[in-house]
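Right, one structure below, let's go through it.
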Amino acid sequence: MAITSFPNGVSSFGTPILGSGGITTTGTFIFVSSTLGSDSNSGLDKSRPVATLAQGITLSTASVGDVILVMPGHAETITTTLTPKAGTRFIGLGHGRNRPVVTAGTGAIDTWTLSAANVRIENIVMVGAASGVTALVEVSGTDAQFESVEFQGAAAPTTLITFSNAGATRPTFDNCIFRAAAGTAVIIAAEVTGACCQDMRLTNTYIHGSSVRDIDTAVIQSSKANCTGLIVNGLYVVGVVGGDNPAGIFDFNSSTGVIDGMLTGVRFAFDAAVTFTEAMDL
């Protein structure tokens with residue numbers, strides 16, 4: 001049995017210490033746990049967490065550095081869109097199958113809508129729904145950040161991430177995993193007119209289609225937006241439709257916009273023969 005002198009955890013100046021490091025912020029820590037929490041709790045202590053992410057968002061304050069700590073084993077089905085406040089950070093605690101899991105409920109909603117600026121989500125698993133859901137995440141605000149997030153498709157949505165506003169610039173995806181499902185058409189789509197997705201960065205990203213989970217249209221698609229400054233460094237894609245009607249890793253067919261950037265370390269495997277220009281329709 002492990003013995004510790006700190007049964008209630010360790011903090012420094014009120015900041016919880018996680019693993020070998022800490023979180024530096026002047027904001028408030030809000031704890032969320034579906035197994036231990038109640039939305040009547042304060043959420044300000046790990047022994048009094050709230051039960052839902054919506055309540056955590058309600059208790060947070062925009063642009064002061066609030067951190068919503070989602071505790072290990074948290075599991076929640078979302079039926080009303082989650083809309084974080086500007087500058088808030090969501091950190092999932094735990095690892096492997098003990099990470100927080102947020103599942104989309106049925107209905108024509110986006111599970112998350114990041115309309116505010118500077119929202120960061122880390123170490124959370126997002127799962128699609130049986131039907132109706134329009135996106136796991138819709139981004140219309142600037143500087144959205146995703147770190148070690150796993151996006152899992154289901155029957156819906158057909159597009160996992162959508163960018164829906166010309167001002168949705170500088171998004172980043174670092175160390176993320178995308179798992180497609182039967183019917184998944186596009187992983188990331190920028191289908192608005194204007195300077196959407198400028199300076200988007202993907203690093204060390206793994207995308208899994210394969211067999212019945214084939215990606216049917218594209219991994220990243222943009223037919224209208226000015227996607228300038230795209231940086232892809234380390235992209236691994238398995239299971240994209242090949243053959244007579246192949247999908248593409250990149251599908252940039254823009255007659256109205258400009259797309260540029262740098263691709264490095266891109267590796268992919270199709271389920272049937274394709275040409276290079278079919279694989280990357282740049």
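Below are the figures for this structure:
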item: Count of region 234-282 residues which are among the small types (Gly, Ala, Ser) and either open to solvent by 60 Å² or more (accessible area, probe 1.4 Å) or part of a loop (DSSP other than H, G, I, E, B) (or both); result: 8
item: Residue ID - farthest from residue 112 (Cα to Cα), chosen from residues in region 53-86 that are part of a loop (DSSP other than H, G, I, E, B) and β-branched (Val, Ile, Thr); result: 64
item: Residues located in region 137-176, provided they are under 19 Å from residue 230 (Cα atoms), of a type outside the set (Val, Ile, Thr) and in contact with a Lys or Arg (Cβ under 6 Å, 6 or more places away or on another chain); result: 143, 145
item: Pair list, Cβ under 6 Å, 6 or more apart: region 78-104 residue surrounded by fewer than 21 Cβ atoms within 10 Å (Cβ to Cβ), other residue polar (S, T, N, Q) and not in a loop (DSSP other than H, G, I, E, B); result: 81/113; 83/113; 103/77
item: Filter pass, residue 166 being modelled with pLDDT of 90 or more and in a loop (DSSP other than H, G, I, E, B); result: no
item: Residue satisfying condition, being open to solvent by less than 100 Å² (accessible area, probe 1.4 Å), over 30 Å from residue 77 (Cα atoms), at pLDDT below 95 and assigned to a loop (DSSP other than H, G, I, E, B), within set 26, 4; result: 4
item: Pair list, Cβ under 6 Å, 6 or more apart: region 146-165 residue of a type in the set (A, V, I, L, M), other residue not in a loop (DSSP other than H, G, I, E, B); result: 149/121; 154/129; 156/129; 160/136; 160/151; 160/187; 161/137; 161/188
item: In region 176-193, residue modelled with the highest pLDDT [restricted to those that are crowded, with 17+ Cβ neighbours inside 10 Å and of a type outside the set (Val, Ile, Thr)]; result: 176
item: Qualifying positions in region 29-46 - open to solvent by less than 80 Å² (accessible area, probe 1.4 Å) and of a type outside the set (Phe, Trp, Tyr); result: 30, 32, 33, 34, 37, 38, 39, 41, 42, 43, 45
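The values are calculated or read from the model by the stated rules, or taken from the named source; none is laboratory data. On a predicted model such as this, the values are computed, not experimentally measured, just so you know. Cβ sites come from the backbone with ideal geometry, for glycine too, and all protein chains shown count toward neighbours. Surface accessibility is based on the protein's heavy atoms, side chains included, excluding ligands, DNA and RNA. Shrake-Rupley method; radii C 1.70, N 1.55, O 1.52, S 1.80 Å.
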